[in-house]
Amino acid sequence: STADDVVRPKRSQLMHAVAQLQRYTRVKLRDKTGMAVLAAQPPLLALVMWIVFPKPTTALMFMVALSCLWFGMSASVRELITDRVIWLRERRVGVGVIPYLFSKVVVLGVLSTLQCVAFTSLLFWVLGMGDYGYELLHLAGVCTLTGLIGMSLGLLVSAYWTSSEAAVGTLPLLLIPQITFSSIMVSVRSMGDLAQICSWFTVQRYAFDAVIKCGDELAYFKYGQWQRQRVRGFLYELGLKGSAKADDLGLSLDYLSLILVGFTLVFLAITAVLVWFRGRRG
């Protein structure tokens, strides 16, 4: 019947999605070395941050956001290249783009989330960030969103290139602008017009801004001792809020979180289009 004809393709795609998810999960779990590296990254990077930054500073918060972006990108940048031959073969027997990408997003998203939560939890504990008004739930949430953006951007790169070398070589080309236009090197207010426009399309700018706004105070070293300042002052110095008014915080944390979600969805949509084109060409 007509109803059965409509339900059957949906059921088939659901079955494909479950099968793809099971297969990809087994592949990742069998990669003991790769999983060990992913597990080691959060504590090792947290140790480095603790050695360099004994207090939560703007530089630390920038590195927290950048590290979470890196977690997602590094874990996903090869994933659509390494099994492309298998995907093209499965595409010929009816496996759709959505089930295929669904498996990647779920597994890599879980791994990236675990890394970001572990990383931020360790830093929150060793640096006593609760004393500076930070809430672990908010901080871990923002960092997880940043990691998911990195994952989606890594998948986009992986969908575009045909070789792992080219994909990995693209990472510096993506990360360096994230540093340059984020406001940590030059205040957004001091940038030229073109640089300011570029900053509005820079993921790290919003992630950095959001991470700072998860707390009330940050530390800075002056006159031979550590001092504290409300985050409002740092936001103004970075150009992330428009005026020196105490009640002005620029973009709200909720709005920044929506922007981060938007980046993720846009990158995944572009990835889906690229994978679809490769499937047709294949």
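The values are calculated or read from the model by the stated rules, or taken from the named source; none is laboratory data. Computed from a predicted model, the values in this text were never measured in an experiment. Here Cβ is always computed from backbone atoms with ideal geometry, including for glycine, and neighbour counts include all displayed protein chains. Heads up: the accessible areas ignore ligands, DNA and RNA and are worked out on the full protein's heavy atoms, side chains in. Shrake-Rupley method; radii C 1.70, N 1.55, O 1.52, S 1.80 Å.
In this Cβ point-charge picture (+1 for Lys and Arg, -1 for Asp and Glu), the chain has a dipole of about 960 debye about its Cα centre. Once both labels are positioned 7 Å from their Cα atoms along Cα-to-Cβ, the gap between Trp50 and Ser252 label points is 3.6 nm.
Quick check: net charge around Ser182, other residues with Cβ under 10 Å of its Cβ, Lys/Arg +1 and Asp/Glu -1? Mind dumping the intermediate values first?
Values: positive: Arg205; negative: Asp209.
Charge balance near Ser182 sits at 0.
Taking every pair of Cα atoms in region 98-145, average 1/r, invert it to obtain the Kirkwood radius, and report Rg/Rh to two decimals. List each step's numbers first, then the result.
Working: Rg = 13.6 Å, Rh = 11.7 Å.
Ratio value, two decimals: 1.16.
Which value in deg cm²/dmol, rounded to the nearest 500, describes the helix-derived mean residue ellipticity at 222 nm for the chain, given -39,500 (n - 2.57) per DSSP H run of n ≥ 4 and division by the residue count? Using -39500 (n - 2.57) per qualifying helix, the result is -25000 deg cm²/dmol.
Quick check: from the Cα gyration tensor, does region 227-282 come out rounded (a/c under 1.5), prolate or oblate?
Values: a/c = 4.86, a/b = 4.07, b/c = 1.19.
Because a/c hits 1.5 or more and a/b exceeds b/c, region 227-282 counts as prolate.
What are the membrane-span-like helices in the chain by this rule: whole DSSP H runs, Cα extent along the axis at least 18 Å, mean Kyte-Doolittle hydropathy at least 1.0? Please report the intermediate quantities before stating the final value.
On the way: long enough: 2-30 (43 Å, -0.71); 32-52 (30 Å, 1.46); 58-76 (28 Å, 1.60); 97-126 (43 Å, 1.80); 136-160 (36 Å, 1.69); 164-180 (25 Å, 1.13); 253-281 (42 Å, 1.46).
Those that clear 18 Å and a mean of 1.0 are 32-52, 58-76, 97-126, 136-160, 164-180, 253-281.
Which percent of the Cα-Cα distances in region 44-196 go past 26 Å? Of all Cα-Cα pairs in region 44-196, 37 percent lie more than 26 Å apart. Projecting the Cα atoms of Val95, Val273, Val261 onto the charge dipole of the chain (Cβ charges, centred on the Cα centre) puts Val95 farthest toward the positive pole.
Fraction of C-alpha pairs exceeding 27 angstrom in region 125-282: 34 percent, rounded to a whole number.
Tell me, what % of the accessible area of region 136-282 is carbon and sulfur with a 1.4 angstrom probe? Can you show the working numbers first?
On the way: 4740 of 7300 Å².
Result for region 136-282: 65 percent of the exposed heavy-atom area is carbon or sulfur.
Give the average over all directions of the projected area of the C-alpha convex hull of region 26-77, one decimal, in nm².
Values: hull surface 15.7 nm².
With every direction weighted equally, the projected area is 3.9 nm².
Within the accessible surface of region 57-101, defined with a 1.4 Å probe on protein heavy atoms only, the carbon and sulfur portion equals 65 percent. The residues of the chain expose on average 50 square angstrom of accessible surface per residue, using a 1.4 Å probe on protein heavy atoms. Below 8 Å between Cα atoms, with a sequence gap of 6+, how large is the relative contact order for region 139-282 in percent? Result for region 139-282 is 32 percent.
Going through the cross-link list Lys28/Lys104; Lys55/Lys245; Lys55/Lys241, which pairs have a Cα-Cα distance over 21 Å in this structure? Working shown, then result.
Values: Lys28/Lys104 10 Å; Lys55/Lys245 26 Å; Lys55/Lys241 23 Å.
The pairs that break the limit, which is 21 Å between Cα atoms, are Lys55/Lys245; Lys55/Lys241.
Translational diffusion coefficient of the chain (Stokes-Einstein, Kirkwood radius from Cα pairs, 20 °C, 1.002 mPa s): 106 µm²/s.
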